[in-house]
1. State all residues of the stretch 90-108 that are among the β-branched types (V, I, T) and open to solvent by 80 Å² or more (accessible area, probe 1.4 Å); if no residue qualifies, say none.
2. Determine the pairs where a residue that is without any contact (Cβ under 8 Å) to a residue 24 or more places away in the chain and on the phi < 0 side of the Ramachandran plot, located within the stretch 104-127, has a partner that is surrounded by 11 or more Cβ atoms within 10 Å (Cβ to Cβ) and among the small types (G, A, S) with Cβ atoms under 7 Å apart, the partner being 6 or more residues away or on another chain.
3. Within the stretch 22-50, track down each residue that is in a helix (DSSP H, G or I) and in contact with a helix residue (DSSP H, G or I) (Cβ under 7 Å, 6 or more places away or on another chain).
4. Given the structure, is G49 in contact with an Asp or Glu (Cβ under 8 Å, 6 or more places away or on another chain) and within 30 Å of G146 (Cα to Cα)?
5. Can you tell me which residue within the stretch 72-89, out of those that are within 26 Å of H59 (Cβ to Cβ) and surrounded by 13 or more Cβ atoms within 10 Å (Cβ to Cβ), is modelled with the highest pLDDT?
6. Would you point out which residue out of R67, R12, R38 is without any contact (Cβ under 8 Å) to a residue 24 or more places away in the chain, among the basic types (K, R) and closer than 30 Å to S115 by Cα?
7. Given the criteria touching a strand residue (DSSP E or B) at 6+ places or on another chain (Cβ under 8 Å), among the hydroxyl-bearing types (S, T, Y), open to solvent by 30 Å² or more (accessible area, probe 1.4 Å) and not in a helix (DSSP H, G or I), does Y63 qualify?
Amino acid sequence: MDESTDLGLISRKYGLPPMEYSRKLKPGKISCNRMTGRLLMSESFRSIGEAERLRAAFHLAGYYHTRSFERDVAPVISVIVSSATLVIVSVFPQSRALIPTPLLVFAWVAWLVSSFLVLVIRPAQWKREANRWAKEHWPARLRKKGVPYF
């Protein structure tokens, strides 16, 4: 195997989490398996240059190091649960009769705002945090060679 395409060597060399190629991913996609802690790259990354492969690996490692269940997954789950609850409360007249209309309107507005924050704003923040981490940890050897992170 070519040294520049061996993800195990790259992860050890640059101190990244374990990485492997995945045939299940679409070309150009990267992912993180939270169960195993492995970073997954599609097979298409075998054919691109080392710098591009490293950029993708560092970007994904940035996600790996900056995200957590409490900060990222729990709010999404809470929005999903609150969505289901609001629909049930709004659809069934028996439950709607128990809740004052202003409170129900407030709950819908709060749900819309929190959904926007969690599903639109938060992913953009994840991307910025991952890029910040990757830029901070980009190897000095590559920077000296003139290979910037972005």
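1. Hits for the stretch 90-108 are V91, T101, V105.
2. So the pair list comes out as L104/S90.
3. F45 - this is the single residue of the stretch 22-50 that is in a helix (DSSP H, G or I) and in contact with a helix residue (DSSP H, G or I) (Cβ under 7 Å, 6 or more places away or on another chain).
4. In short, no.
5. V79
6. R38
7. Judged against the criteria, Y63 is not a match.
The values are calculated or read from the model by the stated rules, or taken from the named source; none is laboratory data. Everything numeric in this text was worked out from a predicted model, so none of it was measured. Cβ sites come from the backbone with ideal geometry, for glycine too, and all protein chains shown count toward neighbours. Just the protein is used for accessible areas: all its heavy atoms, side chains included, with ligands, DNA and RNA removed. Shrake-Rupley method; radii C 1.70, N 1.55, O 1.52, S 1.80 Å.
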